[in-house]
Amino acid sequence: MHVKKGDKVVVIAGSDKGKIGKILENLPKKNRVVVENVNMQTKHQKQTKEMQQAGIIAKEGAINSSNVMLYCDKCKSGVRTELKIENDKKVRACKKCGTVLK
């Protein structure tokens, strides 16, 4: 997959197009990712020992990984990436400005 857990991404397709968030979970076998505050779904939750309060909770749903791009803070947009070697390590860099992406 072209994105990892913890990456800052922008959604490029779907109803949440343009939203920026951090990847919370990668699902590589299904080619999907869970991004914070994107594709919010409601769930009716029963009361349990762990969760004392019952009710309707909102949680993020998975979206296809092809619908997200890495976000570059310098360019302020979603960018394609290239691999660079710095200090004998491969790092991802922005194709537009060349900044190393975290």
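The values are calculated or read from the model by the stated rules, or taken from the named source; none is laboratory data. The model shown is predicted, which means the values in this text are computed figures rather than measured ones. Note: ideal-geometry Cβ built from the backbone for every residue, glycine included; neighbour counts use all protein chains shown.
If you go through the stretch 47-77 and keep only what is closer than 30 Å to residue 29 by Cα, touching a residue at least 24 places away in the same chain (Cβ under 8 Å) and either touching a Cys at 6+ places or on another chain (Cβ under 8 Å) or among the aliphatic types (A, V, I, L, M) (or both), you end up with 62, 63, 68, 69, 70, 72. Considering the stretch 38-52, the residues that are part of a loop (DSSP other than H, G, I, E, B) and at pLDDT 95 or above include one that is nearest to residue 23 (Cα to Cα), namely 38. Taken over the stretch 74-102, residues that are surrounded by 13 or more Cβ atoms within 10 Å (Cβ to Cβ), within 17 Å of the chain's Cα centre (by Cα) and part of a loop (DSSP other than H, G, I, E, B) amount to 1.
Within the stretch 60-73, the only residue that satisfies the criterion of being part of a strand (DSSP E or B) and either modelled with pLDDT under 95 or among the hydroxyl-bearing types (Ser, Thr, Tyr) (or both) is 71.
Taking the conditions exactly as written (touching a Phe, Trp or Tyr at 6+ places or on another chain (Cβ under 7 Å) and either at pLDDT 95 or above or surrounded by 10 or more Cβ atoms within 10 Å (Cβ to Cβ) (or both)), does residue 55 satisfy them or not? Here the answer is no, as residue 55 does not meet what is asked. Could you go through the stretch 18-37 and let me know if any residue there is surrounded by 14 or more Cβ atoms within 10 Å (Cβ to Cβ), over 11 Å from the mean Cα position of the chain (by Cα) and either among the charged types (D, E, K, R) or part of a loop (DSSP other than H, G, I, E, B) (or both). So far as the stretch 18-37 goes, no, none of its residues is surrounded by 14 or more Cβ atoms within 10 Å (Cβ to Cβ), over 11 Å from the mean Cα position of the chain (by Cα) and either among the charged types (D, E, K, R) or part of a loop (DSSP other than H, G, I, E, B) (or both).
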